[in-house]
1. What are the residues in segment B:87-106 that are of a type in the set (Val, Ile, Thr) and either facing chain A (nearest Cβ under 7 Å) or in a strand (DSSP E or B) (or both), if any?
2. Could you grab me the full set of residues in segment B:199-225 that are within 14 Å of chain A (Cβ to nearest Cβ) and within 14 Å of ligand 1 (Cβ to nearest atom)?
3. Report, ordered by the first and then the second residue, all pairs with beta carbons closer than 7 Å, sequence separation of six or more or different chains, a first member in segment B:222-244 that is closer than 18 Å to B:Ala197 by Cα and not assigned by TED's automatic domain parsing to the domain that holds B:Ser262, and a second member that is of a type in the set (Gly, Ala, Ser) and part of a helix (DSSP H, G or I).
4. Residues of segment A:118-154 being of a type in the set (Lys, Arg) and under 19 Å from B:Ala72 (Cα atoms), which ones?
5. Of the residues B:Ile165, B:Ile215, only one is under 19 Å from B:Val259 (Cα atoms), among the β-branched types (Val, Ile, Thr) and touching a helix residue (DSSP H, G or I) at 6+ places or on another chain (Cβ under 9 Å); which?
6. Suppose we filter segment A:121-141 for residues that are surrounded by fewer than 24 Cβ atoms within 10 Å (Cβ to Cβ) and of a type in the set (A, V, I, L, M); how many remain?
7. Could you tell me which numbered condition B:Gln246 fails, if it satisfies all but one of (1) assigned to a loop (DSSP other than H, G, I, E, B); (2) buried (at least 18 other Cβ atoms within 10 Å of the Cβ); (3) within 12 Å of chain A (Cβ to nearest Cβ); (4) more than 16 Å from ligand 2 (Cβ to nearest atom)?
8. Out of B:Lys117, B:Lys83, I need the residue that is surrounded by fewer than 24 Cβ atoms within 10 Å (Cβ to Cβ), of a type in the set (D, E, K, R) and closer than 29 Å to B:Val244 by Cβ. Which one?
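The values are calculated or read from the model by the stated rules, or taken from the named source; none is laboratory data. Quick caveat: nothing in here was measured; it's all calculated off a predicted structure. FYI the Cβ positions are ideal-geometry reconstructions off the backbone, even for glycines, and counts take in every protein chain you see.
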Amino acid sequence: MKILVGIKRVVDFSVRVQVKKDGSGVNTDGVKLGINPFDEIALEEALRIRERGTQAEVVAVSIGPAEVQPQLRTALAMGADRAILVETGEVLQPLMVARVFHELVKRENADLVILGKQAIDDDSNQTGQMLAALWDRPQATFASKVELKDKTLMVTREVDAGLETIEIDLPAVITTDLRLNTPRFVKMPDIMKARSKPLQVLKLEELGVTAAPKLEVTSYAPPPQRVGGKKVEDVTALVATLRQRGIL
Amino acid sequence: MNRILVIAEHDGKKLNPATAKAVSCALAIGGEIDIAVFAADAAAVAGSAAKLKGVKRVLNIERAENAHQLAAALAPQIAKLAKDYTHLLAPSTTFGKDVLPRAAALLGVQQVSDIMKVVDAHTFERPMYAGNAIVTVKAPAMPCIVATVRTASWQACSEDGHAEITAAGTDAAIPQHTRFVELKADVSGRPDLQSAARVVSGGRGVGSKENFAVIYKFADKLGAAVGASRAAVDAGFVPNDLQVGQTGKIIAPELYVAVGISGAIQHLTGIKDARTIVAINKDPDAPIFQVADIGLVGDLFQILPELEQELDKL
Ligand SMILES: Cc1cc2nc3c(=O)[nH]c(=O)nc-3n(C[C@H](O)[C@H](O)[C@H](O)COP(=O)(O)OP(=O)(O)OC[C@H]3O[C@@H](n4cnc5c(N)ncnc54)[C@H](O)[C@@H]3O)c2cc1C
Ligand SMILES: Nc1ncnc2c1ncn2[C@@H]1O[C@H](COP(=O)(O)O)[C@@H](O)[C@H]1O
């Protein structure tokens, strides 16, 4: 079985992102970048499927500039068998990313694609669902538990009402939620080994994917700031303040 | 003229209040508004949907396959209905997030996620980077605009409408590759986290599943829903559906009480729109105090019982 995993490079989750003064974008100069946390979980899940004894090849895929190669090397060090970089200088939106993945799925004859539920930069939460639609295959979004049984998967999903379980046939798309697993740490010898693993670079134009319609981003603004910071001395003062505000 | 289709969210019996918020967004866009109810038996839900302000028609799409709101089943039906509309909206809940991008891709449309504000019929504000940037995006008008509505940014519309209820159908083929197995839902009987006026959340500071009883007790005293930080959910103190934040529920209650929560960026994203934030934390430097309207430094196990006593005096 062949598993494709999405690896998107994003601004690290601990960074409080700042909007540029002129509203043209956000400041990424000198900001720490890394693998989207949900994508580390996606890769970890693929590796666990393989380690549980299923014959599987795990392929890490990133779409982005040449500079995302370190993130793919990290994915290889975690345990992916090989990596594909679809190189483009443009920032692609989810429908286009889904089209690229669809093309790769066909070329690679993939059985399973595991993506993050959302990229923590654009917070779109769309790509996996879109890929499943284009591919005409099942989707199991927000997965917190995945069980592989022959040609089907039992997936538990984190939904607003609680936990939903669905059964889906392979091939399929899964998107990960945070509680699916805890990704492993990369060990030094694995980093060395990863250097010799195959990393294929394809130019976006070579793939022959039709450009998708896009949203035009016209401006960026900082969110309205909350002015907090007031403290009260004790419980009596807290209740009094709540009463003043008409809450109690 | 704009023709807007809102996808109703429901559990087969009741209309989810998030639908009324998506209708508010539709009213801000302006135009003729219809609601689609996909269900095995739509009657009860359609009755509530018909009362939402400004809705012209409620379309009941009744099929056995629609009983469990599976994205793979609904998306092809939504895509077929969409050709009569300029806009397709759903609330940005796990339901809307699951189904709408699938429909958008079938239509070849790049979706707008989490509309916070309507600038004009094609231009919207939405959050990125855990809410640290608000972007204005313009969506191509053709073939239609597909968008989810960030529920915390919208008030529910009023319920004084009288829409016409009609049966509708599509000849969309429904795939068999996805099967519902079960839903383990929380049946606490407490107010719903996403629509409650008051919410009390506990974090890692609460310490254990057993200790969370103090949070439940205090919440019950206030008539509040209970929420939690991711750390509290991960540690197994409470079920996942209580998580508030970037990757949990984004809420906008009148009162939010954060107890033993440090105030990580990802948590704050979920509560930015709360009217009043109260923080109780023993660390005076916890970042939660920077956004809290009222902060109280101290041990939660001491403060909560005292607070309950004070409330009893009112
Ligand atoms: C991609 C990603 C997404 C995430 N999404 C979310 C999300 O949706 N929601 C979310 O909440 N987090 C999310 N997180 C996690 C987030 O970064 C924090 O780790 C988490 O919010 C911390 O939870 P906490 O405040 O309960 O725990 P801590 O940060 O450990 O804080 C515990 C607090 O309790 C206080 N405390 C301890 N004992 C007491 C006591 N007796 N009385 C009073 N105070 C006490 C401490 O002073 C401390 O401030 C996400 C992280 C990532 C990487
Ligand atoms: N440029 C990209 N390269 C690789 N994977 C991506 C890319 N963009 C999105 N993805 C995948 O799609 C998921 C959801 O992204 P989004 O729909 O943008 O929130 C991510 O967690 C990734 O797994």
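1. Selection gives B:Thr93, B:Thr94.
2. Of segment B:199-225, the ones within 14 Å of chain A (Cβ to nearest Cβ) are B:199-200, B:218, B:221-225.
The answer is B:Val199, B:Val200, B:Phe218.
3. Every condition considered, no pair remains.
4. A:Arg137, A:Lys151
5. B:Ile215
6. 1
7. (4)
8. Being surrounded by fewer than 24 Cβ atoms within 10 Å (Cβ to Cβ), of a type in the set (D, E, K, R) and closer than 29 Å to B:Val244 by Cβ holds for just one of B:Lys117, B:Lys83, which is B:Lys117.
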